[in-house]
Amino acid sequence: SMTKKKLIAGNWKMNGSVEANDALVRTVIGGLQGATCTVAVCVPAPYLAQLQMLRHGSALELGAQDVSRHEQGAYTGEVSATMLKDFGVRYAIVGHSERRQYHGEDDQLVADKAKAALAHGITPIVCVGETLAEREAGHTEEVVRRQLATVIHTNGHCITEIVVAYEPVWAIGTGKTATPEQAQQVHAVLRAQLKAATPQADRVCILYGGSMNAANAASLLAQPDIDGGLIGGASLKAPDFLQIIAAAR
Ligand code: PEP
């Protein structure tokens, strides 16, 4: 809708160090005055405490890159939604294509992770997107609809509280961006699917992700159903990330 605040979320992936994070976050926070969008960084779990301190008193929101589907217990290596809440986390990416590809995450696991986040007041950023082979076979809409359908079926009316990120796998980390028209076409499909599930679908932020940068952000963000961005590589460079934030009016 016209008045919905855009969301620019950085995904640092498995990058960073205490020293590098300090410099990056101080510069980003220093450049946030005048920003009209919501800004978040999704950081590796070991740095959540550092980020909680660095962002204190600022407008920068904090996110995680994953969350367990389980509440607590014998799940070695997992991080629960309650633990994330302890550090002031507002967002958790779920179902990133790197986790679907390299860690075997399926649609039901991703939907369960979204449910675990929502149960603790954390906004899941649910990633969907087709591979190059799926796009070339003409299956893009079928794939993203299947991925989102499981999240809708598992979460019911709570889906008004999620963020969706359309991230074509062939565009992630490749320097190949979907054109604004290609992205808008898929975003419209996702919006229609949300509308069929809730009268509040216009409130849901649908982000684009995949090689978004300072040069292409404005034209992508100008599309009617693109409500923000999930930014990988460019979120590690403060000037680039700040230019994307400035483009999100
Ligand atoms: C991502 O990891 O979600 C992403 C969009 O990465 P990049 O911007 O580097 O393509």
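The values are calculated or read from the model by the stated rules, or taken from the named source; none is laboratory data. Keep in mind that this is a model prediction, so the values were computed, not measured. So basically every Cβ, Gly included, is an ideal-geometry build from the backbone, and we count neighbours across all protein chains shown. Accessible surface is based on the protein model in full, side chains and every heavy atom, while ligands, DNA and RNA are left aside. Shrake-Rupley method; radii C 1.70, N 1.55, O 1.52, S 1.80 Å.
Span-like helix check, the chain: qualifying full DSSP H segments, with Cα axial length of 20 Å or more and mean Kyte-Doolittle of -1.0 or more, are 140-155, 180-197. Surface composition of the chain: carbon plus sulfur atoms contribute 53% of the solvent-accessible area (1.4 Å probe, protein chains only, all chains present).
In square nanometres, what is the average projected area of the Cα convex hull of the stretch 98-249?
Computing the convex hull of the Cα atoms and averaging its projections yields 8.8 nm².
As an equivalent ellipsoid, the stretch 141-230 spans semi-axes of 23, 13, 10 angstrom, where each value is the square root of five times an eigenvalue of the C-alpha gyration tensor, largest first. Counted over all Cα-Cα pairs of the stretch 1-150, pairs farther apart than 26 Å make up 32 percent.
The Kirkwood hydrodynamic radius of the stretch 1-65, based on inverse pair distances between different Cα atoms, is 12.3 Å.
The eigenvalues of the Cα gyration tensor, multiplied by 5 and square-rooted, give the stretch 202-249 an equivalent ellipsoid with semi-axes of 18, 10, 9 Å from largest to smallest. Take the alpha-carbon centre of the stretch 137-168, take the same for the stretch 203-221, and report the distance between them in whole Å. Value for the Cα centre distance between the two parts: 18 Å.
Taking label positions 7 Å along the Cα-Cβ direction at both SER17 and GLU141, the computed distance is 4.9 nm, reported to one decimal.
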